Amino acid sequence: MEDADYRALLQRVTKRTSSSQCSVGQLHDVLAEMKRLGFRGKSPSGKLHVRKVYAIWGDMAPLLRTGGTREALRAYVQRMTGVSAPEFLDEPSARKVIEGLKAWKMRLERGAS
């Protein structure tokens, strides 16, 4: 997609000319519009360890106050590793996050019983 076309799409959907000015909700609207136009999204990552982080987080979601938002997961990953999102984790850092999530999930399940 050409830059001018991208900016026009942003303007049409969000009334903004830069994605840095958009809220998370507006970015979701832009993504939905791009998909409507035929763009294909990628899975969170082809990396098995990243998919596992998302899978454990998804299992925990009903037990969390936040409902398991992606923003909350990113904040957790940032606190644990200093990395801004699960997609950027290397395997050793992802293992640290996975083990932390598993321990957290066990505590949540014990508290819910």
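Values as computed for the structure displayed
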| item | result |
| --- | --- |
| Nearest 10 degrees, 0 to 90: helix 3-14 Cα axis against the chain principal axis | 70 degrees |
| Inter-probe distance in nm under a simple model that places probes 7 Å from Cα toward Cβ, at T69 and M106 | 3.0 nm |
| Among S84, S93, S20, residue whose mean-square fluctuation peaks in a GNM of the chain (springs only between Cα atoms under 10 Å) | S20 |
| Gain on full stretching of the segment that runs from Q11 to V83 - 0.36 nm per residue minus C-alpha separation | 22.9 nm |
| Residue with peak Gaussian network fluctuation, the chain [Cα springs, cutoff 10 Å], from A75, A32, A55 | A32 |
| Distance between the stretch 1-34 and the stretch 76-112 - C-alpha centres, whole angstrom | 31 Å |
| Correct option for semi-axes √(5λ) of the Cα gyration tensor in Å [calculated from the coordinates] among (i) 27, 18, 9; (ii) 32, 16, 13; (iii) 28, 20, 14 | (ii) |
| Peptides ranked, highest mean first, by Cβ atoms within 10 Å: ranges 5-12, 62-69 | 5-12, 62-69 |
| Folded to 0 to 90 degrees: helix 91-112 orientation relative to the chain principal axis, Cα | 70 degrees |
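Every number in this text was worked out from the coordinates using simple rules, so none of it is lab data. These numbers were taken from a predicted model, which means no experiment stands behind them. Backbone-built Cβ (ideal geometry, glycine too); neighbour counts: all protein chains shown.
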